[in-house]
Structures are given as C-alpha cells and as structure tokens.
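Peer 1: Quick one: this structure, given as structure tokens, is what I'll be asking you about.
The values are calculated or read from the model by the stated rules, or taken from the named source; none is laboratory data. Every value quoted in this text rests on a predicted model; they were computed, and no experiment measured them. Cβ atoms come from the backbone with ideal geometry, glycine included; neighbour counts cover every protein chain shown.
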Amino acid sequence: MVNVDPKTGISYGVVSLNALEDWVYDEFFYNGRNITYEAAMEDFVAEFEAEHGREPDDEEIQEWVDYAEFQEEEYELETDGMKLLLTYLGGAPLVFVIKSPHTTRTRPTSPCVPNAGDLDNKDPHGILAYDLPEDWYYKE
C-alpha cells in the first residue's frame, strides 16, 4: 500500500513546509541529501560517457555545476530517528514523514497522496500517522 510503512502499517505523515518553523528548510538544505542534484549529476555523467566514451573530468563537472539550474529540489533528511522527504506537489513544498518515533492521529490526505496522514489536520479519531516533534511546527 502506498504511503504506508510496510512493516508497521503506520501511514506516512504529510505536512506543508509553510506550517513548520523557518529553520526546517535549512535543516534539509544543510544536513540533507539533495536527491534532485544527485539524479541530475548521474544523468549528466551517463550522457557525457555515452557521448565522449569517458567520464567527465573535474573541470567538466564544475562547468556543468556552474550552469545547472534546478527548481523544486527534493531532499532526504535523516535526523533524530526520523526519515523525512522534502518534495513538491503542484508547486507546494511538502514534508513527508517516512519514519519517526512520533505518531499522531490525523485526517487522511486528499487523493493526491493516497493513504497518508494530513499533519496539517490532526484528528483524534483519524488514522495513525508518523509525525514530527512539536517544536518543528510554526508557532505565532
């Protein structure tokens, strides 16, 4: 079943990045893996090897890095026993909580993210989903 931990049966939690503290994005950026960049680099190296019959050297890689532009970069982050993914849906930044020692009950998400728990809409009678620590959420 998609968006559910196959071992525990707990739904992945999904929350808008805008509902979280400002430092959360920095945590992904500075301590996470940029999976968009990594995939693009793999593609560049494969295409370069196919075209030139060799791996690109450091200067050729740097030239590619200097001109590469990405939008809506996705990141993975593992921290404090959690596995998280920063991704985008229709241009909106979302954080998926794939594994966490924290859980909560929520409303189910829209059909765009089937079986996941909507951490923006907690519900004591809803589905069980992985959650973030309370101090990650934005407070006025």
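Peer 1: So, in the range 101-118, of the ones that are touching an Asp or Glu at 6+ places or on another chain (Cβ under 6 Å) and in contact (Cβ under 8 Å) with a residue 40 or more places away in the chain, which residue ends up surrounded by the fewest Cβ atoms within 10 Å (Cβ to Cβ)?
Peer 2: 103
Peer 1: Within the range 79-113, track down each residue that is in a loop (DSSP other than H, G, I, E, B) and either modelled with pLDDT of 95 or more or within 18 Å of residue 7 (Cα to Cα) (or both).
Peer 2: Across the range 79-113, the qualifying residues are 80, 81, 100, 101.
Peer 1: Here's a follow-up. Scan the range 5-24 for residues that are of a type outside the set (A, V, I, L, M, F, W, C) and closer than 18 Å to residue 94 by Cβ and report the count.
Peer 2: 8
Peer 1: More than 12 Å from the chain's Cα centre (by Cα), surrounded by 16 or more Cβ atoms within 10 Å (Cβ to Cβ) and either at pLDDT 95 or above or in a loop (DSSP other than H, G, I, E, B) (or both), is that true of residue 30?
Peer 2: no
Peer 1: Could you run through the range 64-78 and say how many residues are farther than 14 Å from residue 26 by Cα and not in a loop (DSSP other than H, G, I, E, B)?
Peer 2: 4
Peer 1: From 65, 97, 45, grab the single residue that is touching a residue at least 40 places away in the same chain (Cβ under 8 Å) and β-branched (Val, Ile, Thr).
Peer 2: Step by step, each of 65, 97, 45 is checked, and only 97 is touching a residue at least 40 places away in the same chain (Cβ under 8 Å) and β-branched (Val, Ile, Thr).
Peer 1: Of the conditions (1) in contact with a Pro (Cβ under 7 Å, 6 or more places away or on another chain); (2) over 15 Å from residue 129 (Cβ atoms), residue 2 fails just one. Which one is it?
Peer 2: (2)
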